[in-house]
Amino acid sequence: MDGTTAAEIKKTTGYRQVFKQKEFMKLVIANVINRFGDSLDSIAFTWMVYSLTNSPAWSAIIFGINRIPTIFLQPFAGAMVENRNKKMIMVFMDVIRGISVSFIAILYILKLLNPWIILIMTLVISTAEAFREPAGNAVLPKILDKDYFEFGLSLNSTLSNVV
């Protein structure tokens, strides 16, 4: 070490230093994009199913299906991703989500979309997110220096909630 004490490091640690952590910032940007997409798909799928069916009940079902995997699967998903390659899980889940959203977009353009397809794809996308989020959170301590962890976790959480 260069003679810097833990107290001195603590005094100089802040968001400015966290922003310099390149791998961490890549993850934060990916998380922000994912959360923004999740927010959009929640609204868009609810709106799409309503425009197809004119049924508030279908809209409520789609909105509820969007949350179910997070509520019921995510607690178990965290344990399931443990001791596995978290980066590969994150990439795989993002690919599944991207393919699912593309599939919905193509069917929408071709006027082949129906409420059941939206329901199934919403379940697939939300299930993938239920596995991706714990994998992403588990990566944080590996890519962020422990001196910056509090600020980094705060930044990641705040930006995800804002988006």
Revision key, fill the gap. If every Lys and Arg gets +1 and every Asp and Glu gets -1 at its Cβ, then about the Cα centre the chain yields a dipole, in debye to the nearest 20, of 160
Revision key, fill the gap. One would report the Cα pair-distance distribution of region 48-101, bin width 10 Å, in %, as 20, 35, 29, 14, 2
Check your understanding: Counting Lys and Arg as +1 and Asp and Glu as -1, what is the net charge of the other residues whose Cβ lies under 13 Å from the Cβ of VAL95?
Key -> +1
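With +1 on the Cβ of every Lys and Arg and -1 on the Cβ of every Asp and Glu, and nothing else charged, how large is the dipole of region 76-159 about its Cα centre, in debye rounded to the nearest 20? Mind showing how you got there, number by number?
Numbers: 8 positive and 7 negative charges, 63 e Å.
Here region 76-159 has a charge dipole of around 300 debye.
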Exercise for review: Determine the calculated [θ] at 222 nm for the chain from helices alone, applying -39500 (n - 2.57) to every DSSP H run no shorter than 4 residues and normalising by the residue count; nearest 500 deg cm²/dmol.
Suggested key: -28000 deg cm²/dmol
Point to revise | Zero-based 10 Å bins, Cα pair distances in region 27-158, whole percents | key: 12, 39, 31, 14, 4, 0
Revision key, fill the gap. Of the residues ALA57, ALA30, LEU107, the Cα lying farthest along the dipole of region 1-149 towards its positive end, which is defined by charges on the beta carbon of Lys, Arg, Asp and Glu, belongs to ALA30
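Sort 75-81, 116-122 by packing, meaning the average of other beta carbons within 10 Å per residue, with the highest value first.
Ranking the peptides 75-81, 116-122 by packing returns 116-122, 75-81.
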Revision key, fill the gap. Going residue by residue through region 115-131, the Karplus relation 6.51 cos²θ - 1.76 cosθ + 1.60 with θ = phi - 60° gives ³J(HN,Hα) values, rounded to whole Hz and with x marking Gly or Pro, of x, 5, 5, 4, 4, 5, 5, 4, 5, 5, 4, 5, 5, 4, 5, 5, 8
Review point. Taking the Cα centre of region 37-163 as the origin and placing charges on Cβ (Lys, Arg +1; Asp, Glu -1), which of THR158, VAL81, VAL124 is farthest toward the positive end of the dipole?
Key: VAL124
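Bear in mind that the values in this text are calculations on the coordinates, not laboratory data. This one's a predicted model, so the numbers in the text were calculated from it and none came from an experiment. Backbone-built Cβ (ideal geometry, glycine too); neighbour counts: all protein chains shown.
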